[in-house]
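So the structure is just underneath, and the comments pick up after that.
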Amino acid sequence: MQVKVLGSGCSKCLATIGMIEQAAQQAGVGVEIVKVDQPDDIFAHGVHATPAVVIGGRVVHSGGLPAREKVLSWFVHDGIGFLSQPTRHLFFTGKGGVGKTSLSTAAALALADAGRKVLLVSTDAASNLDEMLGIALRNTATPVPGAPGLSVLNIDPDNAAESYRQRVITQMGDSASAEQLSAVREQLSGACTTEIASFDEFSSLLSDGSGSYDHILFDTAPTGHTLRLLSLPKAWTGFLSGNDRGASCLGPHSGLKLQELRFKAALGALSDPARTTVVLVARAEAGAIAEAARTSEELRALGLNNQRLAINGVFHASDRGDAVACAIEDLGRAALAEMPAGLRKLPQDRIPLRPFDTVGLPALRALLSGGAVPASPIAAPTDEPSPALQGLCALADQLAQAGHGLIMVMGKGGVGKTTVAAALALGLVQRGKTVHLSTTDPAAHLVQTLDQRLGADVPGLQVSRIDPKVETQRYVDKIMAAKSAALDAEERALLLEDLRSPCTEEVAVFHAFSRIVAEGRSAFVVLDTAPTGHSLLLMDATGAYHRQMMREFEGHGNARVVTPLMRLQDAAYTRVILVTLPELTPVSQAAALQDDLRRARIEPYAWVLNKSVLAAGTRDPLLAARLTGERRQIDRMASGLAARVYTVPWLTVPPIGAAELSKLACQAAPVERRG
């Protein structure tokens, strides 16, 4: 590997050469260092500040001594497949909590350090890029201090929706009447408009809005939401083909036709393997790998065939006498050994578990750098006692006292919401309650966690899923049955065409959600929600429906209206449980979700700290290095962030199926079931 060092031969130039030789040796890469000291030759590279470094014809550094982590990044990434000859578009997707944001950000930083101009885009409404990079996210490209060439952009749903509304109204022109403008504003007020407006910005980045960047990396929302996003170019292109009549929640179709070329360009970019790579991120866990396999198949059906697999956080125990550490490694090995054949065929990268949080540029550079660990601000673990926290058994006891109601389990993807929801549902059944356990998550993890047969095996427990496709068809059938009688054949065909709009699904899911919420009047409903970003969109729909009902019933005297939002705001009816992991970023994300809920006047009842290694106990050096950070997050929650805190230790046996889940919220003595 040839590396050119440009400069006069000063002390900084010599120090830079020494750093390069040391980093190359550490990374196991052979280098040929070429010294360029003639001014004309230096200027020929476009360099005006030295020392400068050129690798592969690109200037990767100019002016002053480079950071050690940056130098190492020039060599260690040769072994990371998704950074070897990367396509222009890189999508990082996978189950929540597997490290999509960390890997996508580290990859973007590595490409920028190599002299590329890079845009990192978050499509996750609950993104934590701001905390990771230490900058405020905006809906415009923002340069990252300390990382020349790297900019970040967050597709903010609310801003995207408002921008979209203004564009559609402007397209109508001056000839539009006040009545027409009012009708379009009403059409554009729904929550599904917010989602599709985000998609419109996403399409712009894929088609015509980002020509100045060498690479665009997408840090996506968890799998279910991302599959929905990636399916939209194909869905909307098909919907608009030959359809320029009527209107939808995106406004008049005649105006939408102006967007059709952009949607087609986005579809072309996604399905072109020379332009787009999908990096399926997983952990060495059975659930994450199974979801990656399902995602791979669904993406192939959408035409996205250029895929890679990245296994993040691979752990190897250093002390075979440590039962917890060995169990973590053994479970990881078993999950990788049982990887589905279709997934095994994909090109694969494995990134080891690091003993530090991936917050800040040094840690992000070290994540992919083969052992370069930044100095950690976290002190060595101590034997100081932690606050005593109760388990799910105590939480189930508290919840059971209400007799009935809605229990919403919420949080960022990958924190264990489904496990906690299923355990609490079983705990309530053990305490004699009748329970309906359901999920709003498009990825539908509930079936896997419950081992599929649970609903039929446990008396008093009903298990269901809000299936978007089923609910959409049910909604379409209901609307057609209600309105068809008063329409002629042409009007019925137009109505059916409008109902085939991809955003009809959002409306249908909201109606199903409302039905399940109402069941809490007479029994317990435990709702395993989708990851934060998707759930916030559902909350937006709930708020929009509430405002619409209040407007319609205004002035109707004593008419009593109870909307789903009013039930969620009723602390006696709804108990919101926030689930998090004992790490800085997940706790901060849970705190942000709590703030969002409070703005909607919904107060969380309790927090659950899941997968606590501190509670499980370990001597492994790598795991022990993280314990002080975990203790700090426990103290943070207990000192006022959460009204109540309960914990679930890291378990050596995966909590899958009725037997293991029941242990988490067990009751000392069985109770006769009652309604």
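The values are calculated or read from the model by the stated rules, or taken from the named source; none is laboratory data. Being a predicted model, the structure only gives us computed values, none of them experimental. Positions of Cβ are generated from backbone atoms using ideal geometry, with glycine treated the same way; all protein chains shown enter the neighbour counts. These area figures cover heavy atoms from the full protein model, side chains too; ligands, DNA and RNA do not enter into them. Shrake-Rupley method; radii C 1.70, N 1.55, O 1.52, S 1.80 Å.
Data overview
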{"read-out": "Inter-label distance, nm, simple model (7 Å from Cα along the C-beta direction), Val653/Ser522", "value": "3.8"}
{"read-out": "Accessible area, probe 1.4 Å, largest first, for residues His45, His316", "value": "His316, His45"}
{"read-out": "Cys326 - accessible surface, heavy atoms, 1.4 Å probe, Å² rounded to 10", "value": "10"}
{"read-out": "By average C-beta atoms within 10 angstrom, highest first, the peptides 459-472, 612-625", "value": "612-625, 459-472"}
{"read-out": "Given charges at beta-carbon only (K, R positive; D, E negative), |dipole| of the range 602-673 in Debye", "value": "180"}
{"read-out": "When each of Lys70/Lys95; Lys412/Lys611; Lys95/Lys264; Lys412/Lys469 is checked by Cα-Cα distance, pairs over 19 Å", "value": "Lys70/Lys95; Lys95/Lys264; Lys412/Lys469"}
{"read-out": "FRET efficiency estimate (nearest 0.05) - Cβ-Cβ, Arg500 to Ala337, R0 56 angstrom", "value": "0.80"}
{"read-out": "Arg515-Gln348 pseudo-label distance in nm [points 7 Å out on the Cα-to-Cβ vector]", "value": "4.2"}
{"read-out": "Prolate/oblate/rounded label for the range 290-355 (Cα gyration tensor, a/c 1.5)", "value": "prolate"}
{"read-out": "Label-point separation in nm, Ala486 to Arg598, each point 7 Å along Cα→Cβ", "value": "4.6"}
{"read-out": "Accessible area (Å², 1.4 Å probe, nearest 10) - Asp635", "value": "70"}
{"read-out": "Those lysines that a straight Cα-Cα span of less than 22 Å connects to Lys433, excepting residues fewer than 8 apart in one chain", "value": "Lys417, Lys663"}
{"read-out": "Mean Cβ neighbour count within 10 Å, used as a protection proxy, ranking 135-148, 411-424, 651-664 highest first", "value": "411-424, 651-664, 135-148"}
{"read-out": "Distance from the range 264-290 to the range 645-659 (C-alpha centre basis), Å", "value": "31"}
{"read-out": "Gain in span if fully extended, Ser212 to Arg636, counting 0.36 nm per residue against the direct Cα distance", "value": "148.4 nm"}
{"read-out": "Net lengthening on full extension, Ala49/Ala136 (0.36 nm per residue, minus Cα-Cα)", "value": "28.3 nm"}
{"read-out": "Cut-off under 5 Å, modelled amide H: who pairs with Ala284 long-range", "value": "Asn312"}
{"read-out": "Positive minus negative residues near Ala334 (Lys, Arg vs Asp, Glu; Cβ under 15 Å)", "value": "-1"}
